[in-house]
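A short write-up of the structure that comes next.
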Amino acid sequence: MNTVSFTLSADEVELLPSNEDVLFYQEHGWYLAKKLLTDDEVNTLVIESERFYAGHRDRELPIHPPRIAYWTPEEGDRQRHNDYIHYESDAIRRILTKPLIGAVAARLAGAELVRVFQSTLIYKPPRPEEESNIVPWHFDKHYWSTSTSDRMLTAFIPFHDCDEQMGTITMVDGSQRWQEIGANDTVTRHFADRDKSELEDLLRENAAYNGTEVCKVPMMIPKGHMSFHHCRTYHGSGANRAAAPRRAISLHLQDGDNRWRRFPLSDGSTLTYNHDYVVRRDEDGDPDYTDPNFCPVVWTERTA
Ligand SMILES: O=C(O)CCC(=O)C(=O)O
Ligand SMILES: [Fe+2]
């Protein structure tokens, strides 16, 4: 399994973020990367995602965790989310674990080693009125309270040019530096389960609490490029008003230091994340977020 070599070609080195880009990411909480995927790789993502939707699996999850996002055709023509796409499709896993993506993430996060945390295949049908296409304001760390790290980050990878008309991902500039107000247990619930207007209000209140206003930046992402966002950067996205579906993968990444931690909820129970039902256990019997089956290494500067 660990036959990947963590080296970049001279051409790939040119595609890494500069020191200025890293400072930009630290200040703004997002970064639009150069063309990290070839057209062939992106075309393969389209073909393989269609094969997946038609029922093809290279591997199946041993069980479906209670809060997994997992669209099936019975759900019809609404927004589709499929977690663990890097586990169930070998061809997609190969592209998502391309060392260049990991190397960009490592630079941005200031990490020596980067692993996959999760990946979600996303499809927004071209239906402007479809409510489920709207992704309300959230930041990803809300779902990752059982993770110790505050350096985790996400690559949003569309399979085509992606703009506002298509309902591209939209960042709330600089919000990763905000102190959060109004946080309670509800923030750990997936955005699909939460009230959308409540989230819009919460965003405005949070901005005001931090002495600022909400500045929304829609990511204009050319085919082969991807945007990165910090795990505390607020983001969301709107309707797909284009004629074609919006296809993408959210590739969530963890730095090498990230580990599982117990996260108690106010009712005394312990929060669980999807992984807690499927990954191997560590020596203390706790979920191991370094399990290479689910969380493969995508980049390391350490020599083997
Ligand atoms: O699909 C979108 O527009 C947003 C995806 C998202 O929330 C993420 O990449 O973390
Ligand atoms: Fe997100």
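The values are calculated or read from the model by the stated rules, or taken from the named source; none is laboratory data. Everything numeric in this text was worked out from a predicted model, so none of it was measured. Neighbour counts are summed over all protein chains in view; Cβ atoms, including those assigned to glycine, are modelled from backbone coordinates with ideal geometry.
Structural remarks
- Checklist (1) assigned to a loop (DSSP other than H, G, I, E, B); (2) over 20 Å from VAL104 (Cα atoms); (3) touching a residue at least 24 places away in the same chain (Cβ under 8 Å) applied to VAL46, failing item: (1)
- When the range 125-138 is filtered for residues that are more than 14 Å from ligand 2 (Cβ to nearest atom) and either buried (at least 21 other Cβ atoms within 10 Å of the Cβ) or closer than 25 Å to ARG262 by Cβ (or both), only ASN133 remains.
- Checking each residue in the range 241-266 for being closer than 14 Å to TYR143 by Cα, in contact with a helix residue (DSSP H, G or I) (Cβ under 9 Å, 6 or more places away or on another chain) and away from ligand 2 (no atom under 16 Å from the Cβ) picks out TRP260, PHE263, LEU265.
- Once the range 139-162 is narrowed to residues that are away from ligand 2 (no atom under 11 Å from the Cβ) and out of contact with any strand residue (DSSP E or B) (no Cβ under 8 Å at 6 or more places or on another chain), the residue that is nearest to GLU27 (Cα to Cα) is ASP150.
- Filter pass, ASP58 being acidic (Asp, Glu), within 16 Å of ligand 2 (Cβ to nearest atom) and touching a helix residue (DSSP H, G or I) at 6+ places or on another chain (Cβ under 9 Å): no
- Number of the condition not met by ILE122 [criteria: (1) touching a Pro at 6+ places or on another chain (Cβ under 7 Å); (2) of a type in the set (A, V, I, L, M); (3) within 15 Å of ligand 1 (Cβ to nearest atom)]: (1)
- Test for GLU198: is it closer than 17 Å to PHE139 by Cβ and either without any contact (Cβ under 8 Å) to a residue 24 or more places away in the chain or in a loop (DSSP other than H, G, I, E, B) (or both): yes
Condition check ((1) part of a strand (DSSP E or B); (2) surrounded by 21 or more Cβ atoms within 10 Å (Cβ to Cβ); (3) touching a residue at least 24 places away in the same chain (Cβ under 8 Å); (4) hydrophobic (A, V, I, L, M, F, W, C)) across all residues:
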| position | (1), (2), (3), (4) |
| --- | --- |
| LEU8 | no, no, yes, yes |
| GLU20 | no, no, no, no |
| GLU27 | no, no, yes, no |
| GLU50 | no, no, no, no |
| ASP58 | no, no, yes, no |
| PRO65 | no, no, yes, no |
| ILE92 | no, yes, yes, yes |
| SER119 | yes, yes, yes, no |
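- Residue in the range 236-249 that is within 18 Å of the chain's Cα centre (by Cα), over 27 Å from LYS98 (Cα atoms) and modelled with pLDDT of 95 or more present: yes
- Yes/no for LEU36 being surrounded by 15 or more Cβ atoms within 10 Å (Cβ to Cβ), closer than 18 Å to SER250 by Cα and in contact with a strand residue (DSSP E or B) (Cβ under 6 Å, 6 or more places away or on another chain): no
- Test: residue in the range 254-266 that is within 15 Å of the chain's Cα centre (by Cα), surrounded by 16 or more Cβ atoms within 10 Å (Cβ to Cβ) and of a type outside the set (Lys, Arg): yes
- Residues that are within 11 Å of ligand 1 (Cβ to nearest atom), out of contact with any Pro (no Cβ under 8 Å at 6 or more places or on another chain) and part of a loop (DSSP other than H, G, I, E, B) within the range 136-185 comprise PHE139, MET152, GLY167, listed in sequence order.
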